[in-house]
Structure formats: C-alpha cells, structure tokens
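What follows is a single structure, written as structure tokens, with notes after it.
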Amino acid sequence: SAVISQKPSRDICQRGTSLTIQCQVDSQVTMMFWYRQQPGQSLTLIATANQGSEATYESGFVIDKFPISRPNLTFSTLTVSNMSPEDSSIYLCSVAAQSRSYGYTFGSGTRLTVV
Amino acid sequence: QQQVKQSPQSLIVQKGGIPIINCAYENTAFDYFPWYQQFPGKGPALLIAIRPDVSEKKEGRFTISFNKSAKQFSLHIMDSQPGDSATYFCAASMRGANNLFFGTGTRLTVIP
C-alpha cells in the first residue's frame with residue numbers, strides 16, 4: 001500500500017490566521033482525500049482532490065475556507081483559512097488503493113489547535 | 001445523519017477476552033465494509049474488510065460477521081491483547097462513490 005507523509009504533525013495557531021497542510025505520497029495516485037476528525041469523534045470527508053481539476057467539496061465545506069491544491073499525482077495541500085477555535089481538529093489525507101477493493105491509506109494526520 | 005451507526009462507544013475487556021463491536025447501516029447501496037484501527041497520534045489503518053456476498057471473514061485474530069438481511073456487521077477480536085487497545089472504526093462505501101462513511105468509533109481497552 002502507499003506510504004503517506006503529512007506535515008506538520010501538529011501546530012498551534014492564532015485565531016484568524018491560516019495553516020497549510022502538506023500531503024506527500026510515495027506513488028502516483030489519481031484521487032486524494034482530505035478528512036477532518038474532531039476531538040474524540042469520527043472522520044468526516046472534507047473534499048476529494050484530483051490532479052488537474054478543482055477539488056470536490058462535501059456538504060458543509062467550502063473552497064474559501066479549505067482551499068486545496070493538487071499540482072501533481074503525488075502531492076496535495078489543504079489550507080485551513082481564517083481559523084477559529086472550532087477548527088481545532090485532526091486533519092488527515094488519504095489515498096485509495098489501485099484495485100477496486102476500496103482500500104484507503106491514511107496519513108498520520110495534523111493535529112491543529114486554534115487559540 | 002450518521003450513515004453508519006456503531007456501538008459501543010467504549011469497551012473494556014480482560015486480556016484473552018473477545019471484544020465485539022457492532023455496526024449497522026441503512027443504505028443498501030453500500031457494498032464494501034472495512035474496519036480501521038487507530039492508535040493515538042496515528043492515522044487509521046485498514047484492519048480487515050468484507051463484501052456483502054459473504055457472511056464471515058477471518059484474518060488472524062480478527063473476524064468480521066456480516067448479516068445482509070439485518071444490515072449489520074460486527075468485529076470480533078479473538079484472544080485480545082493489551083496491544084489491541086485502540087479506537088476501532090467501522091466504515092462503508094459504495095460503488096461509484098469516492099469516500100468512506102465512518103462509524104463513530106469504539107475505544108477498546110484490553111487490561112493485562
């Protein structure tokens with residue numbers, strides 16, 4: 001399965017600032033996914049990022065708040081903009097396996113605290 | 001609306017016990033049901049998965065039981081060990097969709 005490196009692993013940010021999270025995969029993948037995991041909660045999909053096209057956002061998430069870049073088949077970034085304490089969460093990137101088995105691999109996540 | 005419902009929220013068992021985690025779904029379009037294991041500070045890791053055309057799947061000490069008519073599936077961990085202490089998530093996916101729908105998670109503690 002793919003190996004995902006996600007940076008930073010954690011950060012503490014001031015309210016109103018932005019943070020960009022990077023996700024690097026060791027192989028080329030078509031789709032990359034960004035999830036949010038609020039403290040003690042389950043995972044919620046933010047958006048799907050395909051190379052060469054606009055990201056597709058899930059209900060409740062908008063591009064102005066969570067802009068995503070996907071410059072090539074191994075890399076993506078998620079920016080959390082104009083942060084508030086409610087954005088304090090773990091943000092995870094994920095990729096799908098090559099086969100149709102729907103296996104997904106996750107990065108270790110970025111633990112974000114907004115103060 | 002939670003697409004996949006998971007219980008219990010937390011579970012404590014003695015070493016060697018068999019914890020059972022249950023999940024239920026409504027959407028009959030789901031055709032893939034994985035379980036993920038997550039340790040603190042780590043991302044979820046795929047543990048085992050099943051498709052609705054089989055009723056049971058075993059991989060090592062982990063077994064998924066699947067009841068298609070009841071739209072329920074469960075994870076059993078045989079001979080549980082302290083190293084199994086983690087949060088377990090069930091999930092579901094459907095053909096043509098990109099994402100996984102996760103359950104709310106079960107925090108398992110195995111006492112030595």
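All of the numbers you see were taken from the coordinates with simple rules; none came from a lab. Because the structure is predicted, anything quoted here is derived from the model rather than measured. Here the Cβ is made from the backbone with ideal geometry for all residues, glycine too, and neighbour counts use every protein chain on show.
When the residues of region B:12-29 are filtered to those that are in a strand (DSSP E or B) and surrounded by fewer than 20 Cβ atoms within 10 Å (Cβ to Cβ), the one that is farthest from the other protein chains (Cβ to nearest Cβ) is B:Gln14. Residues of region B:36-48 that are surrounded by 14 or more Cβ atoms within 10 Å (Cβ to Cβ), under 22 Å from B:Ile111 (Cβ atoms) and more than 9 Å from chain A (Cβ to nearest Cβ): B:Gln37, B:Leu47. Apart from one condition, A:Gly16 fits all of (1) out of contact with any Phe, Trp or Tyr (no Cβ under 8 Å at 6 or more places or on another chain); (2) within 27 Å of B:Thr87 (Cα to Cα); (3) surrounded by fewer than 21 Cβ atoms within 10 Å (Cβ to Cβ); (4) of a type outside the set (Ser, Thr, Tyr); the exception is (2).
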